[in-house]
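As structure tokens, the structure follows; a few thoughts come after it.
The values are calculated or read from the model by the stated rules, or taken from the named source; none is laboratory data. As the structure is a computational prediction, the values presented were derived from the model and not from experiment. Here Cβ is always computed from backbone atoms with ideal geometry, including for glycine, and neighbour counts include all displayed protein chains. Just the protein is used for accessible areas: all its heavy atoms, side chains included, with ligands, DNA and RNA removed. Shrake-Rupley method; radii C 1.70, N 1.55, O 1.52, S 1.80 Å.
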Amino acid sequence: VLNQRGDRWPVGRTISWIAGLVVLAYVTNGAPNAYQEYLFSVHMVGHMILSMLVPVLLVPGAPVTLLARSQKARTDGSRGLREWVLWAVHTPYAWFISHPVVAGLNFALSLVMFYYTPLFRWATEQHLGHQWMIGHFVVIGYLFVQSLIGVDPQPHKPAFPVKLMLLIGTMAFHAFFGLGLMNEKSLLLADWFGSMGRTWGDDPLTDQAVGGAFAWGVGEIPTLVITL
């Protein structure tokens with residue numbers, strides 16, 4: 001639509017958005033999705049990809065900006081797709097959850113809230129829980145990355161040093177969470193990962209420690225990209 005009326009849309013944004021969708025499709029349908037039921041380490045890699053890598057690719061795609069520019073604004077008082085989306089991103093609820101501090105706390109604390117509550121069991125044993133987990137990880141990651149480097153309009157404009165401090169603090173929490181898993185002496189969901197009789201790969205406790213290492217280290221590259 002933009003091209004037809006003589007406007008331009010950066011090709012890099014399109015490439016970034018499509019790359020994010022490709023990675024999302026792979027991690028939810030490929031080997032990570034198959035092996036995450038047997039190896040906690042693979043599950044954690046999938047978690048990190050969903051919450052960090054996929055949002056880092058999707059956010060620069062600026063879908064709200066593209067929608068606002070490509071759809072004609074209505075002048076008769078009714079609401080079309082453009083009006084509804086712009087209304088949604090400017091509601092008080094959106095104002096609250098998009099605040100960088102709130103998005104950072106949600107991103108960091110979700111780790112503990114998910115893995116050390118019945119949510120982890122629900123997401124592991126139930127299909128609906130698994131789908132909720134995927135959506136949750138992507139959404140909280142998207143909100144966090146959007147609050148830091150988003151192209152789309154947002155109500156909060158913190159200074160770059162504040163954003164950098166928030167990013168460092170959040171990733172430090174990730175590191176402590178990963179170190180905690182690496183030193184954990186008991187299994188998360190022992191009746192699942194520890195009782196399936198798997199004869200290949202690392203033993204469940206070692207594999208859990210490997211998952212903790214991934215939680216600590218996998219986010220380094222996306223964090224560097226966000227920082228730059």
Could you tell me which residue out of Pro60, Gly20, Trp87 lies farthest along the dipole of the chain toward its positive end? Charges go on the beta carbon: Lys and Arg +1, Asp and Glu -1, centred on the Cα centre. Trp87
Expected unfolding gain across Tyr26-Met182 under the 0.36 nm per residue rule, minus the alpha-carbon gap, is 53.5 nm
Once the convex hull of the alpha carbons of segment 68-111 is built, what does its volume come to per residue, in cubic angstrom? 93 Å³
Mind ordering 206-213, 122-129 by average Cβ neighbours within 10 Å, highest first? 206-213, 122-129
Ranked output for segments 87-97, 69-79, 13-23 by mean other Cβ atoms within 10 Å, highest leading, reads 13-23, 87-97, 69-79
Vicinal HN-Hα couplings computed from phi for segment 59-64 (Karplus, 6.51 cos²θ - 1.76 cosθ + 1.60; Hz; Gly/Pro x): 4, x, x, 6, x, 5
In nm, to one decimal, how far is the modelled label at Leu164 from the one at Arg13, with both set 7 Å along Cα→Cβ? 2.7 nm
Give the separation of the Cα centroids, segment 175-226 to segment 23-45, in Å. 13 Å
Could you give the spread of the C-alpha atoms of the chain along their three principal axes, from largest to smallest, in whole angstroms? 64, 36, 30
For segment 15-143, just run the numbers: alpha carbon Rg, then divide by 2.2 N^0.38 Å, N being how many residues it has. 1.22
Contact order relative to length of segment 74-228, as percent, for alpha carbon pairs under 8 angstrom and 6 or more apart: 24 percent
If I model a spin label at Val89 and Gln131 as a point 7 Å from the Cα along the Cα→Cβ vector, what separation in nanometres do I get? 2.7 nm
In segment 42-162 the accessible area split gives carbon plus sulfur, as whole percent at 1.4 Å, a share of 71 percent
